[in-house]
Structure formats: C-alpha cells, structure tokens
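Inspection log for the structure reproduced underneath, given as structure tokens.
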Amino acid sequence: MSTEIEIERFIVEQGFPAASRADARAALELAELTREGKTRMSSEKIQRAAAALREVFALHCQSQECITWAHQTGKIVLQAENKQTCHRCGGSENSRAAQELLESGIHRLVVVGGSASTREELERLLGDSTIELRLVDGTHHRAPERARADLEWADRVLLWGATELHHKVSKQYADIAATKFKIVHIPRRGISQLLHAAVESMRRRRAA
C-alpha cells in the first residue's frame with residue numbers, strides 16, 4: 001500500500017519560491033498528477049511529478065553559469081529557494097563543473113592521475129553522460145603505445161599534477177609534440193578545478 005505526501009510540502013522540497021508554488025501546483029494538475037482541491041498525492045507519483053515540473057520550469061542557484069543555462073532552456077525560469085534544488089548543479093561545485101564540461105564540446109576525455117576515490121567520483125559524475133572517459137592510474141607504468149593511442153583518441157588529456165602522478169607517466173603524454181594542444185596540466189587537486197581547466201582549454205582553442 002502506497003503512502004501519501006502533502007502536495008504543498010512536495011513543491012516546497014522541490015525548491016519553488018513561495019510566489020511560484022501555485023504555478024507549480026497548476027503544472028501538476030495539467031499533467032493530471034493531481035486535481036483541484038486535493039491536498040495529498042501518492043508517493044508513487046513523486047518521480048513523475050518531479051519530472052513534470054522540470055518539463056515546465058528551470059530552477060537555478062546564484063551561479064552565473066546556472067542562471068545562463070536556465071534562460072537558454074526555454075522554460076519558466078525561477079531562482080531556487082536553496083542551491084541544492086538547482087536543476088543544473090544540485091548545489092555541488094563538482095556537479096556544476098561536470099555540467100560545464102558537458103556543454104564545452106568535449107566528447108572524449110582522458111584523466112591521468114588522481115587517487116582511486118577521485119577516479120570513482122569522476123565515474124559517478126560523468127559515467128552516464130555523453131562524454132567517453134578514460135581514467136589512467138598515474139602511479140602505474142603506461143606503455144608508450146597506449147599513451148599515444150589515448151592522445152589520438154581524446155579531445156583533451158588532463159595531467160593532474162597535484163595528485164598521484166609519477167613524472168615518468170606524465171612525460172609519456174607531454175612529450176608527443178603533434179598532440180601538445182590536447183594536453184592540459186592541472187596544478188590543483190580538486191575535481192571542480194580539474195574540469196574547469198578542461199573547459200577553459202576548449203574555450204581558448206576556439207578563440208585562437
């Protein structure tokens with residue numbers, strides 16, 4: 001037997017500001033997920049209800065990138081009550097950077113270095129996206145022919161120098177002159193900084 005939730009509470013939890021909650025309610029009624037006068041909704045409808053609201057509204061946080069994105073969607077644009085309900089980044093710096101990467105034009109990405117946990121996080125952020133990802137352990141020997149294959153395949157190769165990356169491994173990528181424009185050296189540890197550097201590299205290349 002399914003439980004029920006208060007519709008008003010659901011709308012609040014989705015991040016809608018007070019002035020727009022009636023509009024959110026109207027969107028749910030239009031999608032035939034509730035009707036006028038009802039105050040509760042089956043919990044089995046939560047995912048469909050959230051999807052229905054995202055079809056109509058674009059909620060953004062205070063990030064300029066997220067604001068720009070929202071205005072490009074063609075949907076009704078609203079500032080979310082809290083950044084965790086931003087439809088673009090969910091309040092996460094890493095998620096915001098991943099979204100910028102998806103919008104940058106990169107389709108194939110190689111990351112050389114990083115710890116096992118950061119590679120897992122990159123897989124979580126990008127594994128189900130349109131970007132094909134190769135993650136290279138920077139502490140293990142990489143055969144030269146595999147490094148060359150990575151460079152030929154990738155749009156960008158990120159050498160994450162502030163992390164677990166041995167010089168001999170990074171050198172196999174950095175020393176191939178024909179593909180130097182694909183190499184991005186990252187001197188900082190954070191995932192958001194890593195992904196931002198890849199995005200900036202694409203911007204500079206287009207501007208050149």
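Miscellaneous remarks
- The packing ranking of peptides 10-18, 73-81, 109-117, highest mean first, is 109-117, 10-18, 73-81, where packing means the average number of other beta carbon atoms within 10 angstrom of each residue.
- Across LYS83, LYS38, LYS171, mean-square fluctuation computed from a Gaussian network of the chain (C-alpha pairs under 10 Å connected) peaks at LYS38.
- Projected label distance in nm at GLU120 and ALA26, using a 7 Å step from Cα toward the beta-carbon: 4.7
- The stretch 93-207: C-alpha pair distances exceeding 23 Å, %: 19
- Only Lys, Arg, Asp and Glu carry charge here, each on its Cβ (+1 for the first two, -1 for the last two); on that basis the chain has a dipole of about 720 debye about its Cα centre.
- With both residues required to sit in the chain, DSSP beta bridges show an antiparallel share near 15%.
- Relative contact order %, the chain, counting alpha carbon pairs below 8 Å whose residues are six or more apart: 16
- Ratio Rg/Rh [Cα only; Rh per Kirkwood] for the stretch 8-132: 1.05
- Calculated mean residue ellipticity at 222 nm for the chain: -13500 deg cm²/dmol, from DSSP H runs with n ≥ 4 weighted as -39500 (n - 2.57), summed, divided by the residue count and rounded to 500.
- The 3J(HN,Hα) values that the Karplus relation (6.51, -1.76, 1.60; θ = phi - 60°) gives for the stretch 28-44 are, in residue order, 5, 5, 4, 7, 6, 9, 7, 9, 4, x, 6, 10, 10, 9, 4, 5, 5 Hz. Gly and Pro appear as x.
- Couplings 3J(HN,Hα) of the stretch 12-19, computed from phi: 4, 5, 7, x, 6, x, 4, 5 Hz, in residue order, whole Hz [Karplus 6.51 cos²θ - 1.76 cosθ + 1.60, θ = phi - 60°; x for Gly and Pro].
- Between THR73 and SER42, the FRET efficiency estimated from the beta carbon spacing at R0 = 25 angstrom works out to 0.30.
- Rounded to the nearest whole Hz, the Karplus-based 3J(HN,Hα) values (6.51 cos²θ - 1.76 cosθ + 1.60, θ = phi - 60°) of the stretch 67-77 follow the sequence 5, 4, 4, 4, 6, 8, 6, x, 9, 6, 9, with x at glycine and proline.
- Cβ-isolated cysteines (cut-off 4.7 Å), the chain: CYS66, CYS89
- Helix 93-102 and the longest principal axis of the Cα set of the chain meet at an angle near 70°.
- Amide H contacts of ARG156: ARG108, VAL110, each under 5 Å away and 5 or more positions distant or on a separate chain (H built 1.01 Å from N in the peptide plane; Pro and chain starts excluded).
Throughout, read-outs are computed from the coordinates displayed, never taken from laboratory work. Values in this document were obtained by computation on a predicted structure and should not be read as measured data. With ideal geometry, Cβ positions are generated from the backbone for all residues, glycine too; neighbour counts draw on all protein chains shown.
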